[in-house]
Amino acid sequence: MMLKRKESLRVLVASSLLAASIAPLTQSYAAVPRMPVRTTTLSSVQSFSQLQAELPAGVKPLYLSTLASLYAANHMQPLWQDREAVHQFQQQLAEVALSGIQPQFTQWVRWLTDPRVTGMSRDVVLSDAMLGYLQFTSGVEINGSNWLYSNTPYKMTTPPLTVINQWQLAVRHGTTEHFVTTLEPQHPQYKKMHAALKHLLADTQAWPQMTSPASLRPGQVSNDVPALRQILSRSASMIDVTDNSTPAPTAETIAQNPTNNNVEDFSVDETAEKTQKPTPAVSPSATSVHDVLPAPTPDAPQGSTTTATAAPVVISDNIYTPQLVEAVKRFQKWQGLEPDGVIGPSTRQWLNASPRIRATLLALNIQRLRILPGDVNTGIMVNIPNYSLKYYLNGSEVLTSRVIVGRPSRKTPLMSSVLSNVVLNPPWNVPTSLVREDIVPKLMRDSGYLQKHGFTLLSGWSNDAEVVDPSTINWSMISPDHFPYRVRQQAGSMSALGRYKFNMPSSDSIYLHDTPNHNLFQRDVRALSSGCVRVNKASELANMLLQDTGWNDARISSTVKGGSTTFVPIRHHIPVKLFYLTAWVSEDGKPQFRTDIYNYDSTARSGAQISSQAEKLL
């Protein structure tokens, strides 16, 4: 009982403080046209009770005590008398709900589409949702890396009083619509993604499904082909299925640098390498045309498909024809997959993704726009799930490159930093985690491992650390958890860092670098590294950055060939942003989607549950 009294007192005190902070705003309200009001202002307690009486059973606002103060200060008049403001706010609210990042938003959408919630009760629910939305919009810039990339919903709290007061000023001055507009993502992509989301939600028909687990190759017969044909036909508004040209790779031409096959490449996840391109299963649902045609009889002409006892089998509807293969290649390009025409697990998963599922992915990534710069003047942007790097200089995109990012077990972190220097012929101090997990187990099996791969053993991490001869170590006393040495790979052709390293301050010791193994860039799935970002066009990026410091091509080339490690400070401020966007709209107006390699998009599944209600608000 005592705890309940203390809690009630705390709520009343908080409400009184809020009312006091809002009181000055009521003076400006006198000049605004409004509905007839009471001559006496209700207390927060009276307002609390009156608001409760307005609400249907089961509707319990999250911020009722705060709302009591707001409505009392507003003489119990509606806060949402601008129809266009309501429309704009409901659309933004629906987008957050579809993203699935916080279940409370889905509850607000359900209430706002409940026919019992009308009049003043609807006004209260809108205001309750606005308080939650204000908490989100005011805090997402600082907390976005956690709120937008976590499977655990963030904690709902009361938004800052300054933000609440801005909303109330807009209400009193009749500028609520403008205020609501300022809350949407201020990014060039937003309007396009918003339009694409509405278009996808408008498709309410059941989506065909390809059910066979077997890979489907050109010329084969499958019961899934009719569903495939429907999927491609209904995707026509999203991809150009009439273009008969063979699509090019989704990124730039791969830099074909010589590959040193003797390099110990710690970027490769052997498990992922084996599972990326699974061997197609041979089953009745994915067989070749010739396998299902009747065998010719001895008396039949060569190539005949008739027998003495059976009529020809009609299978034309189930053949994976060249026309369908070309359409699938365009579909694969649209998803950032290798356009090989083979329908394996990844391609099938995207073919089965309904427009409503895609809408929730757009909604989630719309919220991620809030923590991205709208226009990049100068800087390096790396989209992790798109495996791409873009370098902008003075407002122009001057370089695009494929990249390799961290595998799921060693994720590349979301981060912002600034380039500090470029290192030519960089040695590699192997991180302790890699030494323990990768190198020590191999050392214990092969004492000559270090020498074979150009590694040096040092006594520690200080600048005066001495070189240690591996033959002097008692390896029986060594284990992954007890290895007091530093491992360094010398610069040169064997270095896992290649010829260029791009340093930037990072608490995770993350940087961009070259690689001696450029064959890996040919893959469509490139989540392979131990966390750092490998750049396909590292030499071009280095040349651009070094030219700005006064180096010419001859100096760069001679330094690289000389093999000496050289640090070159960056002259100008060049920001680096490692971000994670799995859906956007390309320049041709088509929505693009990428595979969620780190399982950051799982919240969108819960958003899909209220897609029908969200569509009503949109």
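The values are calculated or read from the model by the stated rules, or taken from the named source; none is laboratory data. These numbers were taken from a predicted model, which means no experiment stands behind them. Backbone-built Cβ (ideal geometry, glycine too); neighbour counts: all protein chains shown. Each accessible area value is taken on the protein alone, full model and side chains, heavy atoms only, with ligands, DNA and RNA left out. Shrake-Rupley method; radii C 1.70, N 1.55, O 1.52, S 1.80 Å.
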**Message:** residue 601 - would you say it is more than 23 Å from residue 190 (Cβ to Cβ), in a loop (DSSP other than H, G, I, E, B) and in contact (Cβ under 8 Å) with a residue 24 or more places away in the chain?
**Reply:** no
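Part of a helix (DSSP H, G or I) and at pLDDT below 95: is that true of residue 31 in this structure?
Details: part of a helix (DSSP H, G or I): no; at pLDDT below 95: yes.
No.
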**Asked** How many residues does segment 43-87 hold that are out of contact with any Ser or Thr (no Cβ under 6 Å at 6 or more places or on another chain) and aliphatic (A, V, I, L, M)?
**Response** 10
**Prompt:** Does residue 546 fit the bill of being part of a strand (DSSP E or B) and open to solvent by less than 10 Å² (accessible area, probe 1.4 Å)?
**Reply:** no
**Item:** From 53, 72, residue being open to solvent by less than 20 Å² (accessible area, probe 1.4 Å) and either in a helix (DSSP H, G or I) or hydrophobic (A, V, I, L, M, F, W, C) (or both)
**Value:** 72
**Message:** Cβ contacts < 6 Å: first residue touching a residue at least 12 places away in the same chain (Cβ under 8 Å) and part of a loop (DSSP other than H, G, I, E, B), restricted to segment 508-523; second residue open to solvent by 50 Å² or more (accessible area, probe 1.4 Å) and charged (D, E, K, R), any location; separation 6+ or different chain. Result?
**Reply:** 514/499
**Prompt:** In this structure, is residue 45 at pLDDT below 90, assigned to a helix (DSSP H, G or I) and farther than 30 Å from residue 115 by Cβ?
**Reply:** yes
**Request:** Determine, yes or no, whether residue 76 is modelled with pLDDT under 50 and not β-branched (Val, Ile, Thr).
**Result:** no
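Being surrounded by fewer than 18 Cβ atoms within 10 Å (Cβ to Cβ) and touching a residue at least 24 places away in the same chain (Cβ under 8 Å) is the filter here, so list the residues in segment 489-507 that pass it. Quick ask: steps written out before the conclusion?
Filtering segment 489-507 down to residues surrounded by fewer than 18 Cβ atoms within 10 Å (Cβ to Cβ) leaves 490, 492-494, 505-507.
Passing the criteria: 490, 492, 493, 494, 505, 506.
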**Fill in**
The correct count of residues that are at pLDDT below 95 and under 19 Å from residue 147 (Cβ atoms) in segment 374-389 is 0
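Residues that are part of a loop (DSSP other than H, G, I, E, B) and closer than 30 Å to residue 432 by Cβ: does segment 580-596 have at least one?
Keep residues of segment 580-596 that are part of a loop (DSSP other than H, G, I, E, B), which gives 580-582, 586-590, 594-596.
Then drop every residue that is not closer than 30 Å to residue 432 by Cβ, which leaves 580, 596.
Yes; the residues of segment 580-596 include at least one that is part of a loop (DSSP other than H, G, I, E, B) and closer than 30 Å to residue 432 by Cβ.
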**Asked** For segment 328-374, which residues satisfy the criterion of being in a helix (DSSP H, G or I), under 25 Å from residue 185 (Cβ atoms) and among the hydroxyl-bearing types (Ser, Thr, Tyr)?
**Response** 360
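For segment 84-105, name all the residues that are assigned to a helix (DSSP H, G or I) and buried (at least 21 other Cβ atoms within 10 Å of the Cβ).
Step one: of segment 84-105, the residues assigned to a helix (DSSP H, G or I) are 84-99, 103-105.
Passing the criteria: 85, 89, 90, 92, 93, 94, 95, 96, 97, 98, 99, 105.
Would you mind stating whether residue 168 is in contact (Cβ under 8 Å) with a residue 60 or more places away in the chain, over 23 Å from residue 364 (Cβ atoms) and of a type outside the set (Asp, Glu)? Quick ask: steps written out before the conclusion?
Numbers: in contact (Cβ under 8 Å) with a residue 60 or more places away in the chain: yes; over 23 Å from residue 364 (Cβ atoms): yes; of a type outside the set (Asp, Glu): yes.
When the stated conditions are applied, residue 168 passes them.
Taking the conditions exactly as written (buried (at least 18 other Cβ atoms within 10 Å of the Cβ) and not aromatic (Phe, Trp, Tyr)), does residue 583 satisfy them or not?
Values: buried (at least 18 other Cβ atoms within 10 Å of the Cβ): yes; not aromatic (Phe, Trp, Tyr): yes.
Criteria met by residue 583.
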**Complete:** Considering only helices (runs of 4 or more DSSP H) wholly within segment 112-200, the ones with at least 1 residues that are open to solvent by 50 Å² or more (accessible area, probe 1.4 Å) and charged (D, E, K, R) are 119-147, 176-181
